[in-house]
Amino acid sequence: MMSLLHTLAAPLGGDINSIKAPAVNFGVIMPILIILGAACLGVLVEAVVPKQLRYVAQLIVTVGAIVAAGVVTVIRAIGKDYALTFDGSLAVDQATYIMWGVLLVLALASVLLMADRVSEPGGAFAAQAAARPGSKRDRAFTATATKMQTEIFPLALFAIGGMLVFPASADFITLFVGLEVLSLPLYLMCGMARRRRLISQEAAVKYFLLGAFASAILLYGIALLYGYAGGLKYSDVALASQAGGRSNTMLLIGMALLVVGLLFKGSVGPFHSWTPDVYQGAPTPVTAFMAACTKVAAFTTMVRVFYSAFGPSKWNWEGTMWGIAIASMVIGAVIGITQTDIKRMLAYSSVAHAGFLMLGVITLTADGMSATMFYLLTYGFATIGVLALLTLVRTPDGEASSMQAWAGLAKKSPMLAAQMTIFMLSFAGIPLTAGFIGKFQVFTAAAESGMGALVVIAMVATAVTAFFYLKIVVLMYFASPVDDGPSVLVPGPLTMIVTAACFAITVLLGLFPSWVIDLLNVHLPLLG
């Protein structure tokens with residue numbers, strides 16, 4: 001054995017003592033360890049806990065892990081426990097803790113929505129995912145099964161763990177690992193809808209195939225960047241581009257391919273082709289999880305990559321990113337107007353908001369990064385709130401996602417219509433809502449960075465998107481109810497908590513945003 005070790009050590013000089021284990025600071029990555037450890041525990045729960053007890057056990061494990069990870073994140077952030085660990089592959093600094101905090105609070109709301117079993121008896125997920133959609137077995141299970149399929153909880157935890165790794169990565173291999181850990185559970189979760197199983201499975205296949213292509217493109221970009229810089233750390237690329245004396249062709253091509261993979265995950269147009277079908281076909285709680293949490297992971301990762309790796313070469317890519325931001329805003333605003341399905345409308349709304357978020361990313365300033373964090377928080381809660389309300393408006397076939405079905409809904413449920421109105425106004429950026437403050441912060445940071453023309457385009461796009469947000473408000477309050485229209489359910493306790501929290505946060509952050517803005521204030525430089 002020792003001779004084998006000496007042979008393996010030969011490239012390092014033949015001395016086994018020259019091999020040093022990387023320094024690992026487990027304290028700073030404790031939130032990641034808590035979430036991934038709970039995910040593994042959730043798998044064991046599925047194997048050993050009796051079926052009648054699994055729901056409660058999984059809910060305790062999942063919610064407990066997210067809360068514990070959040071508490072540890074706050075404690076470490078207050079103590080300013082910053083470090084580069086795992087041989088510099090993970091960077092845990094002030095920005096990382098802010099990113100984790102935003103992600104975890106949105107993940108908690110999403111998981112509570114997933115756990116609801118009142119709106120749909122047995123939950124929103126397939127009673128038996130292995131049953132062929134439309135078969136007698138599938139129909140029988142859907143009609144009679146009232147126990148929830150609890151595999152969704154460990155899958156969600158694995159995805160959250162990948163989301164925590166993704167923005168904390170300081171080298172490209174860790175970035176790729178984080179991307180795959182967050183993506184693979186989502187592919188499965190998208191195909192597990194209890195109702196409309198075929199469209200759900202179609203969404204999962206589309207997401208998987210397009211996601212695999214995007215991952216391959218990103219990995220090819222990493223290979224080219226390694227060839228350019230001779231290293232895989234973000235700092236290696238930054239130092240190589242600062243030093244000069246090398247052909248920029250490999251840098252630019254590698255950068256383009258890497259960024260395409262990140263833009264795909266963030267639903268940024270024109271790399272958004274998966275978004276409408278997946279948002280529509282996935283179980284609604286999973287749509288909320290993706291729309292809020294995946295967007296946080298993607299954009300916070302872009303912030304770190306652009307700042308740490310591509311900051312010195314900003315003049316090479318800034319114009320291209322302007323064009324992508326404009327394309328995303330235009331695609332989301334224009335195509336969103338034509339949508340008649342609320343989930344597809346939210347998908348194109350997501351594309352438009354991704355364009356607005358790109359303004360904050362491109363600035364590479366502390367104000368721009370802080371504004372991006374605040375925008376992600378406000379957008380995430382409004383999105384989860386809208387989709388939580390959608391689960392309460394139902395027809396015999398399931399959720400009433402058609403806009404026309406919401407006509408006159410204010411007469412049936414004034415409270416639901418009022419909550420939906422606030423969320424729509426927040427999306428549109430109307431004053432006294434959190435969405436207005438988010439847009440104001442991002443646009444101000446962009447204008448101060450010399451992107452005034454881009455801000456003007458963003459404001460025009462905002463005015464266009466307001467049309468399809470206000471269309472729903474007009475339908476609810478001023479249109480006549482449809483015959484045999486949908487019923488509005490009394491929310492279960494978990495959905496009630498989610499909708500009330502999202503509504504309160506959307507209103508409070510519109511009225512009193514300063515304390516949260518101060519909490520999300522990012523200091524430069526970042527580690528890594």
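A compact table of results
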read-out	value
Residues (within 15 Å of Gly380 (Cβ to Cβ) and not β-branched (Val, Ile, Thr)) located in segment 491-507	Ala501, Cys502, Phe503, Ala504
Single match in Met148, Met99, Met114, Met163 (criterion: modelled with pLDDT under 90 and crowded, with 24+ Cβ neighbours inside 10 Å)	Met148
Selected residue (criterion: nearest to Leu390 (Cα to Cα)) from residues of segment 473-488 that are part of a loop (DSSP other than H, G, I, E, B) and in contact with a helix residue (DSSP H, G or I) (Cβ under 9 Å, 6 or more places away or on another chain)	Pro486
Asp484 vs. criteria closer than 21 Å to Gly360 by Cβ, modelled with pLDDT under 95, surrounded by fewer than 23 Cβ atoms within 10 Å (Cβ to Cβ) and of a type in the set (Asp, Glu)	no
Residues of segment 443-475 classified as among the β-branched types (Val, Ile, Thr), within 27 Å of Trp322 (Cβ to Cβ) and in contact with a Ser or Thr (Cβ under 7 Å, 6 or more places away or on another chain), total	1
Flag for Gln404 being of a type outside the set (A, V, I, L, M, F, W, C) and either assigned to a loop (DSSP other than H, G, I, E, B) or under 25 Å from the mean Cα position of the chain (by Cα) (or both)	no
Residue among Ala453, Ala463, Ala447, Ala417 that alone is within 26 Å of Arg195 (Cα to Cα), part of a helix (DSSP H, G or I), among the small types (Gly, Ala, Ser) and at pLDDT 90 or above	Ala417
Residue in segment 230-274 that is nearest to Leu90 (Cα to Cα), counting only those that are under 25 Å from the mean Cα position of the chain (by Cα) and of a type in the set (Ser, Thr, Tyr)	Tyr234
Among residues of segment 502-524, those that are assigned to a helix (DSSP H, G or I) and more than 20 Å from Pro414 (Cβ to Cβ), counted	11
Check on Asp171, out of contact with any helix residue (DSSP H, G or I) (no Cβ under 8 Å at 6 or more places or on another chain) and at pLDDT 90 or above	no
The listed residue being crowded, with 20+ Cβ neighbours inside 10 Å, in contact with an Asp or Glu (Cβ under 7 Å, 6 or more places away or on another chain), of a type in the set (S, T, N, Q) and touching a residue at least 24 places away in the same chain (Cβ under 8 Å), out of Thr300, Thr284	Thr284
From the options Thr499, Thr495, residue that is of a type outside the set (A, V, I, L, M) and in contact with a Pro (Cβ under 8 Å, 6 or more places away or on another chain)	Thr499
When residues of segment 201-252 are limited to those that are among the hydrophobic types (A, V, I, L, M, F, W, C), closer than 22 Å to Arg304 by Cβ and touching an Asp or Glu at 6+ places or on another chain (Cβ under 9 Å), the one surrounded by the most Cβ atoms within 10 Å (Cβ to Cβ)	Leu225
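The values are calculated or read from the model by the stated rules, or taken from the named source; none is laboratory data. This structure is a prediction, so every number in the text was calculated from the model and none was measured. Using ideal geometry, Cβ is built from the backbone for each residue, glycine included, and neighbour counts are taken over all protein chains shown.
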